[in-house]
Amino acid sequence: MLRRQLDATPETVADFELAGESRYWDGCQLITQGHGLGGIYLLGYAAEMILKHACFRTDRARPADPVAGFFGPIRAWMNVRYPSVDRETYHSLLFWTHYLRGKRRDIGTPLSNGLDSELMRRTRRLYSTWSVDLRYRDWTVQATEVQLVYNDVTWLRDTRIRLWS
Amino acid sequence: MPVKKLVRSGRSPAGQTLLSRLVDEWKRPAPDAQQPIIIEESGGQGQPVHLYVVWDDWAPVGSIERSEVIMDAYEEVQGRGGATNVTVAMGLTPIEADRLGIRYR
């Protein structure tokens, strides 16, 4: 049973990376089959995983490390540096983007100017479309919106290693 | 009519109780207490700090809430500034700690 498997094995940093990659392709498949909102939901989820993984790696996490221990310190750091950014129960793309940029500056390895501004531009746009709460909806979405989400998440995926290395 | 704002912490009752007990233990360690076992691991000044708290009483609390409880307790003891160096805060039962190879005995 999957639930028993979940309880027995805590999620690791590598799990987040692999889950992000799988859901990216699942999302692409849904989009090509005409399921726009389902596709957007999974692509946004993939973006969340890519950002979380980059944040954990920035905090020197190794692939086999359990992820749970990173959440409390990240929340505490964000409460000090960006108190007005809502976590949205750790699903906010803006929360993770601000942490990534701020923490990299803090430890002396800031993102390059071009990458930093592009990351901010793309995740702001994604944030304006994607929310974890989309899972509760059954809407028809416009093709232009699907295209924008696909472009932004694909950019994030293509850039993912540069976000933490 | 006056409007009062209540801030919800989002913490479970069990988490709230463990937070109070952890703060007490951190501030005034009871010499005869077996648990919680608090481990602070650091490479030195300015290096990231890893916190592990091994405690049977974590069992009913989820792993992310445990991490938040540890950080809230640490902030109460060290102040907010002192907590920004912490990158890992893990709450583990002894069985979980053994499984992860955390040396605490």
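Which three extents, in angstrom, do the Cα atoms of chain B have along their principal axes, listed largest first?
Its Cα atoms span 57, 33, 26 Å along the three principal axes.
Can you give the helix-only mean residue ellipticity at 222 nm for chain A, where every DSSP H stretch with n ≥ 4 adds -39500 (n - 2.57) and the sum goes over all residues, rounded to the nearest 500 deg cm²/dmol?
-23500 deg cm²/dmol
Among residues other than A:ALA64 whose Cβ falls under 12 Å from its Cβ, what is the net charge (Lys/Arg +1, Asp/Glu -1)?
-3
Take the Cβ-Cβ distance between A:GLN5 and B:ALA14 as r, set R0 to 22 Å, and report the resulting FRET efficiency rounded to the nearest 0.05.
Once rounded, the FRET efficiency stands at 0.30.
Name the residue farthest towards the positive end of the dipole of the protein assembly as shown from the options A:MET49, A:VAL13, B:ILE70, assuming +1 on Cβ of Lys and Arg, -1 on Cβ of Asp and Glu, about the Cα centre.
Selected residue: A:MET49.
Using only Cα atoms, locate the centre of the stretch B:65-96 and the centre of the stretch A:1-65, then give the distance between them in Å, rounded to an integer.
When both Cα centres are located, 26 Å separates them.
Find the relative contact order for chain A and round it to a whole percent, using C-alpha pairs within less than 8 Å whose residues are 6+ positions apart.
Over chain A, the number comes to 31 percent.
Distances over 22 Å make up what percent of all Cα-Cα pairs in chain A?
Above the 22 Å cut-off, chain A has 43 percent of its Cα pairs.
Ranking B:ILE70, B:ILE102 by Cβ neighbours within 10 Å, fewest first, what do you get?
Least to most surrounded, the residues fall as B:ILE102, B:ILE70.
Since every read-out is calculated from the coordinates, none of them should be taken as a lab result. Every value quoted in this text rests on a predicted model; they were computed, and no experiment measured them. Reconstructed Cβ throughout: ideal geometry from the backbone, glycine too, with neighbour counts over all protein chains shown.
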